[in-house]
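S.K.: Dropping a structure here in structure tokens format, bear with me for questions.
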């Protein structure tokens, strides 16, 4: 690639005539993406306006909303907890658009944390199919799992391994692969100081490009012939983008797919050459998102289609890990738990007929029914249904929301004033004479069943996370 030079020289080399535009462009805007499995864009627009946000829908992206001004962080909205929307930059929403994820497919996100793109894939799949989400950083698995829980994603399996090692665990059966790889972040001017420090501390900047190439190759090994892979970064450094993709295309049977234009987004085609490196005319099918021409972060995207099998030397079988078999609802270990849930929440066990289950010491996890077996080596599968608290299985917030219509017992329906109070203080006094469980379900329309409360005694209930949210009537 190139010799180590100063960071400022590095920026001049990357941006050339656009250097001044990059370092002087206005701060990028903030955006949210609507979870269309939970709400409509119009409903979310109305909600945000009622709470004092100045918003507009993004042309060409129906589920993207720009926040012109904000009275507080949108993640403090109660409806964010209910999974109506997620905070996500506009350019970050684009790679999944071009992935063309569909219901029933088998898809993997190689570098998934913190999970915005993974939940976007799940929405595009209508929560139907097999979704794998992997990330190497163990500390980032918690926010990834939390995002999936908030989106009530019950068809995902999480891995916590180096993306390059995934072919040792998984077969090449994937319809779609997202490789949003670790990068220098040189499309994010608001992170310029952090990027400077990272660049100056790096002994060998080219090691980043080598890692990106290995992750791309790993994704290629998992993809079936005819499948689609999206390679993306939040960098505009050609070494990380066109350089990596062109080297890959020179060796393996893939072709670049033309990325279509989107109204309101100013794309530039991929570079065909840079600093003496020739990338080929085909690279114009990739797309760059210059931040100074868009109200968002800089991004690069390339869509690749697998046209033939990879060389035999890359087609070795996965590591010998035993698959884990999931349990049916009528399994002798599962049925008593579902009966307990019926007793305290009124949910007919038949409502769980489309799910299968996994058990740990104090929790039961639910996963969509087509997962009869799960590849070995995973970290988490499905979504927590309930945790054991003494003699009661306490439903998770996510599954309370999923089975809102089926919950008929031990519920507390709060009105607007009561919701405002519990969001302000975390506690509220209510009449709970008919409540048999210390974990009643909070119900508030139009959200339905929302969360699990704790009966503190004396007619007082507590919601641990209530004070994180700003209440607004809708």
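S.K.: Is it true that some residue in region 332-355 is in a strand (DSSP E or B), under 30 Å from residue 229 (Cα atoms), outside the structural domain of residue 238 (by TED's automatic domain parsing) and in contact (Cβ under 8 Å) with a residue 40 or more places away in the chain?
M.R.: Yes, region 332-355 contains at least one residue that is in a strand (DSSP E or B), under 30 Å from residue 229 (Cα atoms), outside the structural domain of residue 238 (by TED's automatic domain parsing) and in contact (Cβ under 8 Å) with a residue 40 or more places away in the chain.
S.K.: So which residues in region 299-314 are out of contact with any strand residue (DSSP E or B) (no Cβ under 7 Å at 6 or more places or on another chain) and crowded, with 16+ Cβ neighbours inside 10 Å?
M.R.: Correct list: 310 only.
S.K.: Hey, another quick one. Select from region 347-362 the residues that are touching a strand residue (DSSP E or B) at 6+ places or on another chain (Cβ under 9 Å) and surrounded by 15 or more Cβ atoms within 10 Å (Cβ to Cβ) and write down the one among them that is nearest to residue 128 (Cα to Cα).
M.R.: Looking at residues that are touching a strand residue (DSSP E or B) at 6+ places or on another chain (Cβ under 9 Å) and surrounded by 15 or more Cβ atoms within 10 Å (Cβ to Cβ), I get 355.
S.K.: Now a separate question. Quick one: residue 366 ticks every box in (1) surrounded by 17 or more Cβ atoms within 10 Å (Cβ to Cβ); (2) modelled with pLDDT under 90; (3) within 21 Å of residue 350 (Cβ to Cβ) except a single one, so which number is it?
M.R.: (2)
S.K.: Being closer than 25 Å to residue 233 by Cα, crowded, with 20+ Cβ neighbours inside 10 Å and either at pLDDT below 95 or outside the structural domain of residue 265 (by TED's automatic domain parsing) (or both) is true for just one of 108, 121, 65. Which residue is that?
M.R.: Going through 108, 121, 65 in turn, the sole match is 65.
S.K.: Right, another one. State yes or no: is residue 268 free of Cβ contacts under 8 Å to residues at least 40 places away in the same chain and touching a strand residue (DSSP E or B) at 6+ places or on another chain (Cβ under 6 Å)?
M.R.: Criteria met by residue 268.
S.K.: If a residue must be over 20 Å from residue 296 (Cα atoms), assigned to a loop (DSSP other than H, G, I, E, B) and in contact with a helix residue (DSSP H, G or I) (Cβ under 6 Å, 6 or more places away or on another chain), how many such residues does region 88-110 contain?
M.R.: The number of residues fulfilling the criteria is 2.
S.K.: Right, another one. Hey, can you tell me all the residues within region 439-459 that are in contact with a strand residue (DSSP E or B) (Cβ under 7 Å, 6 or more places away or on another chain), farther than 18 Å from residue 391 by Cα and either without any contact (Cβ under 8 Å) to a residue 12 or more places away in the chain or part of a strand (DSSP E or B) (or both)?
M.R.: Matches in region 439-459: 442, 443, 444, 449, 450, 451.
S.K.: Testing residue 296 on (1) out of contact with any helix residue (DSSP H, G or I) (no Cβ under 7 Å at 6 or more places or on another chain); (2) modelled with pLDDT under 95; (3) surrounded by 16 or more Cβ atoms within 10 Å (Cβ to Cβ), one condition comes back false. Which one is that?
M.R.: The one condition residue 296 does not meet is (1).
S.K.: Would you confirm, using the coordinates I've provided, whether residue 133 is closer than 29 Å to residue 451 by Cβ and buried (at least 23 other Cβ atoms within 10 Å of the Cβ)?
M.R.: Spelling it out, residue 133 is indeed closer than 29 Å to residue 451 by Cβ and buried (at least 23 other Cβ atoms within 10 Å of the Cβ).
S.K.: What are the residues in region 201-220 that are out of contact with any helix residue (DSSP H, G or I) (no Cβ under 6 Å at 6 or more places or on another chain) and either in a helix (DSSP H, G or I) or not assigned by TED's automatic domain parsing to the domain that holds residue 294 (or both), if any?
M.R.: Of everything in region 201-220, those that are out of contact with any helix residue (DSSP H, G or I) (no Cβ under 6 Å at 6 or more places or on another chain) and either in a helix (DSSP H, G or I) or not assigned by TED's automatic domain parsing to the domain that holds residue 294 (or both) turn out to be 201, 206, 207, 208, 210, 211, 217, 219, 220.
The values are calculated or read from the model by the stated rules, or taken from the named source; none is laboratory data. Given the structure is predicted, the values throughout are model-derived calculations rather than measurements. Because the Cβ atoms are built from the backbone with ideal geometry, glycine has one as well, and the counts that use them run over all protein chains shown.
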